[in-house]
Every structure is written in C-alpha cells, then in structure tokens.
1. Which of 102, 86 has the fewest other C-beta atoms within 10 Å, and how do the rest follow up to the most?
2. Determine Rg/Rh for the stretch 37-106; Rg is computed over alpha-carbon atoms and Rh is the Kirkwood hydrodynamic estimate from the same atoms.
3. Using Cβ contacts closer than 10 Å as the measure, can you line up 100, 90 from fewest to most?
4. Could you list 40, 107 in order of exposure, starting from the residue whose Cβ has the fewest other Cβ atoms within 10 Å?
5. Tell me whether the stretch 35-76 comes out rounded, prolate or oblate; compute the Cα gyration tensor, take square roots of the eigenvalues as a ≥ b ≥ c, and use a/c under 1.5 as the rounded threshold.
Ligand code: HEC
C-alpha cells in the first residue's frame, strides 16, 4: 500500500494551508539592501505607531531579530492576531508589501 503523500514537500506534518494561502513560501525580497522608499513610508503609515521606529517595539513587540519569521510573520501581518491589538492588514497591505516590510525590518 503506497504511503499517503506528506502535507508538505519536505515531509513535515501539520495543518494543510488553504488554496488561498500566500504566493511565496519565503521572502522574495530578503537580502535586498535597500527596500524601496515606498516601503519605509508604508511602514511609517501602518506599523510604526505600535512597533516603533525600525521595529524597535512599543505598544507592540520588538520586530527585529525575528522571533517570528517567514510565513509566520506574513500570516500575523495579513490576518492579525485575534484577541490582541494586532490588526489584520489584508486588503490594506498586499502580500508583496508585507514581505517588503519584513525585508525592511531585517536590515
Ligand atoms: C494598533 C497597534 C498595532 C499596529 C498598527 C500593528 N501592530 Fe503588529 N502587533 C501589535 C501587538 C499588540 C502585537 C502582539 C500581539 C500578541 O500579543 O501576540 C503585534 C504583533 C505583531 C507581530 C508578531 C510578533 C511575534 O513575533 O509574535 C508581527 C510580525 C507584527 N505585529 C507586524 C506588524 C506589521 C508589519 C504592522 C504594519 C503593517 C503591524 N504589526 C501593525 C500591535 C500592532
């Protein structure tokens, strides 16, 4: 009897993601030394009030050093975290913009 396919190509188990899941698995903008000026502006319009200049933290947690990286970061940004002050940005921040914000914070 053939073994059922693993939910992820690398064989790790877990909850399969819906078809509408994100377009990228890893940050396509990671390592970009100069995230565009527009991302800095976007960050300052949407995140800085809670996460502070350059993600240093404040009302929301410090976002540098990446306690939460990759798709985990993306999901929190797009879907928010219910029961906390972290809002869902889906519809206001695109997936690409969320990845760019992460690249911006990584510098
Ligand atoms: C109204 C305040 C507020 C705004 C605006 C906000 N956040 Fe948050 N954010 C929070 C709070 C509070 C938490 C912590 C939630 C918790 O207790 O788990 C959080 C958590 C997060 C986390 C998870 C951190 C971790 O490691 O657990 C990420 C990533 C994040 N925010 C990114 C962003 C980004 C990117 C933006 C801008 C698009 C943004 N946030 C805007 C308040 C905010």
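We did not get these values from a lab; they are worked out from the coordinates using the rules stated. Keep in mind that what you see is a predicted model, and the values were worked out from it rather than measured. With ideal geometry, Cβ positions are generated from the backbone for all residues, glycine too; neighbour counts draw on all protein chains shown.
1. Details: 102 23, 86 17.
By the 10 Å Cβ count, ascending, the order reads 86, 102.
2. On the way: Rg = 10.8 Å, Rh = 11.9 Å.
Rg divided by Rh gives 0.91.
3. 90, 100
4. Details: 40 16, 107 12.
Lowest to highest Cβ neighbour count: 107, 40.
5. It is oblate, given that a/c is not under 1.5 and a/b is not larger than b/c.
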